[in-house]
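Asker: Right, I'll just put the structure down here and ask away after.
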Amino acid sequence: MSLTSAATLATLDRTGPRRITDLAAVEGVTQPAMTALVRVMEESGLVERRGDASDKRVTLVCLTGAGASYVRTRRQAGVHAFERLIGELTGDEVEALVAALPALEHLAELESQDREGPKQ
């Protein structure tokens with residue numbers, strides 16, 4: 001799976017259903033590229049398109065159960081990889097990581113706000 005596909009699934013998991021135009025902007029690709037990507041992920045059973053109840057002209061891209069499961073599995077694999085690597089650090093290095101956590105959390109918040117773009 002491409003990084004853009006994985007990032008798109010993670011965005012949908014984090015923010016809920018989105019328009020293709022919104023996904024394209026958040027992921028930094030063109031709308032035609034995102035349309036093609038969504039079609040492939042749809043064929044794989046990871047996402048589905050649904051109508052927007054508030055605007056019948058709009059179609060939203062939503063995670064399926066399989067898509068949500070894929071995102072959870074990838075995240076868990078990342079957690080396990082970091083657990084293993086952190087286990088190889090010295091005590092001082094672990095303390096430095098712990099001290100850096102507030103700054104890292106702030107960076108994650110800033111990145112999340114940036115990726116979500118303007119509120120609708």
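The values are calculated or read from the model by the stated rules, or taken from the named source; none is laboratory data. The model shown is predicted, which means the values in this text are computed figures rather than measured ones. Because the Cβ atoms are built from the backbone with ideal geometry, glycine has one as well, and the counts that use them run over all protein chains shown. Please note that ligands, DNA and RNA were not included when accessible areas were found on the heavy atoms of the full protein model with its side chains. Shrake-Rupley method; radii C 1.70, N 1.55, O 1.52, S 1.80 Å.
Asker: Restricting to the stretch 38-75, and then to whatever is touching an Asp or Glu at 6+ places or on another chain (Cβ under 8 Å) and among the hydroxyl-bearing types (Ser, Thr, Tyr), can you tell me which residue is nearest to Ala7 (Cα to Cα)?
Answerer: Among residues in the stretch 38-75 that are touching an Asp or Glu at 6+ places or on another chain (Cβ under 8 Å) and among the hydroxyl-bearing types (Ser, Thr, Tyr), the one nearest to Ala7 (Cα to Cα) is Thr64.
Asker: The conditions are (1) of a type outside the set (D, E, K, R); (2) under 20 Å from Ala108 (Cβ atoms); (3) buried (at least 16 other Cβ atoms within 10 Å of the Cβ); (4) modelled with pLDDT under 95, and Thr15 fails exactly one of them. Which is it?
Answerer: Every condition holds for Thr15 apart from (3).
Asker: Search the stretch 76-94 for residues that are more than 27 Å from Ala6 (Cα to Cα) and pair each with any residue that is assigned to a helix (DSSP H, G or I) and open to solvent by 60 Å² or more (accessible area, probe 1.4 Å) when their beta-carbon atoms are under 7 Å apart and the residues are at least 6 apart or on different chains.
Answerer: Sorted first by the residue in the stretch 76-94, then by its partner, the pairs are Val94/Ile86.
Asker: Open to solvent by less than 70 Å² (accessible area, probe 1.4 Å) and of a type in the set (A, V, I, L, M, F, W, C): does that describe Leu3?
Answerer: No; evaluated as a whole, the condition is false for this residue.
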